[in-house]
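Heads up: the structure comes next, in structure tokens.
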């Protein structure tokens, strides 16, 4: 049995990134991973423009302006966003300007409309009630992004802000990595499909759906292989099919029971088992192996154990395979609100609710922490990690929590 860090290191060392790429229309790129560095082809903004509605002037002409001593400027033009004027301003002249409009020639600042007054019914002149600094309320060309600057790096996930940036650069198609295809197989004679009526001794197959959702949330495509009964020939047939995809997840049948055949079948099919069993709770009966270039995970059958082991090991593996640069979730410092007793030599992963109280994060257990209590995952927005050497957690202790949302 190995520890969590060793297991994670072994897994990530063997994960092959996908090499195939595709060009996608920008509106289809949300959540995908950029396969290239993307450089700006132009300045953003492309020209100096006004950050406010107001009046464009020469700043030094406003020297000495105040409420009791306003400076008067002749208004020579109106300028809305999307338009330009050919005039060059002279001293003590102003252009009425709207937000986003280009800065006219001879202008170096904009005074907000709130600091001005025009004669009622007449717009030929404007009074300015304060001094304006050079460059005030002017957005300069390239202030956001300079031409040639890398705005998105290879391996970045394309979030909404990235999509907006690409659109502002006039980029309509993006080269992204292909999404990995992850096959999911549930095992066990006790399982029935969710549309089937339960009979004595049977339970609905939840792991396929929870794992499928986790696979999708990691940016991969879930391929459901259904349920394999606890018979070697059926397991062999369905596992062989799963090995045709980028990754295979097998839920259940990986422990030490008389009908836990998954590990044996994987070996018979040529899978090299890299490890079996990890010093953690929940999720100890975890196996990982490689069938040529296909990573294979044998996950526990208990629903919570299956989801926790996915979070700790499978999710980072999928993200690495998908070409992501960042593959781990955020760890946040928090304060425990509950006492908890654990076994030494095992790393515990407790389901908690993180709450902000007066600027500090507090972590409360979601209730009973059994590996079959799926409600503990429903209520959780974080996973509290307790190190192997710890035996007693006390309310008020500082802890580390992985944020799930």
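Here are some notes:
- Any hit, segment 346-365, residues being surrounded by fewer than 17 Cβ atoms within 10 Å (Cβ to Cβ) and either touching a residue at least 60 places away in the same chain (Cβ under 8 Å) or under 19 Å from residue 299 (Cβ atoms) (or both): no
- For segment 65-78, the set of residues classified as touching a residue at least 60 places away in the same chain (Cβ under 8 Å) and either touching a strand residue (DSSP E or B) at 6+ places or on another chain (Cβ under 7 Å) or not assigned by TED's automatic domain parsing to the domain that holds residue 107 (or both) consists of 65 only.
- Identification of strands (runs of 3 or more DSSP E) wholly contained in segment 146-215 with 3 or more residues that are in contact with a strand residue (DSSP E or B) (Cβ under 7 Å, 6 or more places away or on another chain) and farther than 30 Å from residue 250 by Cβ yields 150-152, 173-177.
- Subset of segment 269-293 [within 15 Å of residue 16 (Cβ to Cβ) and assigned to a strand (DSSP E or B)]: 272, 274, 288, 289, 290, 291
- Residue under evaluation residue 230, criteria (1) buried (at least 22 other Cβ atoms within 10 Å of the Cβ); (2) assigned to a loop (DSSP other than H, G, I, E, B), criterion not met: (1)
- Total residues in segment 99-135 satisfying the condition of being under 19 Å from residue 88 (Cα atoms) and within 45 Å of the chain's Cα centre (by Cα): the figure is 13.
The values are calculated or read from the model by the stated rules, or taken from the named source; none is laboratory data. The structure presented is a predicted model; accordingly, all values stated were derived computationally and were not measured. Ideal geometry is used to build each Cβ from the backbone, glycine not excepted, and the neighbour counts take in all protein chains shown.
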